[in-house]
Amino acid sequence: MSGRAWRWNDASRQPTSSSGRTQAPEDPELPRAVGNQEVLRLLSNPVLVEKADLTQVRRVLDVGGGDGVNAIALAQANPGVEFTVLDLPGTVEIARKKIAEHGLSDRISVRAADIFADTYPTGHDCVLFANQLVIWSPEENVRLLRKAHAALPDGGRVLVFNAMSDDSGDGPLYAALDNVYFATLPAASSTIYRWGQYEEWFAAAGFVKPERLPGGRWTPHGVISAVK
């Protein structure tokens, strides 16, 4: 997370001129906010590991993968799968160190890029957006999904993991409470979207066969996937 909420799993995102996004330096609330989200991701990451079925996957591109926390958790649970963490230069250096500390440098690589401005590397059969698409606007989310679609081979999969709202827009309760938190964030588009919105964005980006995988826990997190 950067600023106060550029990303739940990234404590060091810096702005780039190509994306035009800015970040207020030395935010006095940052340590507390990062600590809060560290707790949240520890509670929610088991949902990602449980619901992200990688049995037919060889290589995963973790877009906006931050410090590598999600790639590390998934690599530990899926020994036959390799991962690439895609994020800005300073962030991937943090990820590289954390990956090495976990003894996973042979299976998790890093690649520096701006997730909006740069082309995604090919050679992966799955693209993961973990706690990313709650940050951006619907238009930006479609843009990111189209970039994922272009990078994937036919039959490749996209996975989206984050908090989800019911299609009615009024639940579950914890999602509503989370939206109060998101309303305080400096990223203007931050919100918890409905499951059906992701299906609409998948279709707009060219993906088919969406599948919803609710977490089934007290947090509103879940995984939704689709196929190129």
Please report, ordered by residue number, the helices (runs of 4 or more DSSP H) entirely within segment 48-151 with at least 1 residues that are more than 24 Å from Thr219 (Cβ to Cβ) and either among the aliphatic types (A, V, I, L, M) or out of contact with any helix residue (DSSP H, G or I) (no Cβ under 6 Å at 6 or more places or on another chain) (or both). 89-101, 138-151
Among all residue pairs at least 6 apart or on different chains, which show Cβ distances below 6 Å where the first residue, located in segment 72-85, is of a type in the set (Ser, Thr, Tyr) and the second is open to solvent by 20 Å² or more (accessible area, probe 1.4 Å)? Thr84/Ser109; Thr84/Arg111
Residues of segment 131-152 satisfying the condition of being within 14 Å of Pro121 (Cβ to Cβ) and touching a strand residue (DSSP E or B) at 6+ places or on another chain (Cβ under 7 Å): Ala148, Ala151, Leu152
Test: residue in segment 74-85 that is aromatic (Phe, Trp, Tyr) and either modelled with pLDDT under 95 or crowded, with 18+ Cβ neighbours inside 10 Å (or both): yes
Six or more apart or on different chains, Cβ atoms under 7 Å: show the pairs whose first residue is in segment 93-111 and among the polar types (S, T, N, Q) and whose second is crowded, with 17+ Cβ neighbours inside 10 Å and at pLDDT 95 or above. Ser105/Ile99; Ser109/Thr84
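The values are calculated or read from the model by the stated rules, or taken from the named source; none is laboratory data. Owing to the predicted nature of the structure, the values given are computational and were not obtained by experimental measurement. For neighbour counting, all protein chains shown are included, and Cβ atoms are generated from backbone atoms with ideal geometry for every residue, glycine included. We work out accessible area using only protein heavy atoms, side chains counted, and drop any ligands, DNA or RNA first. Shrake-Rupley method; radii C 1.70, N 1.55, O 1.52, S 1.80 Å.
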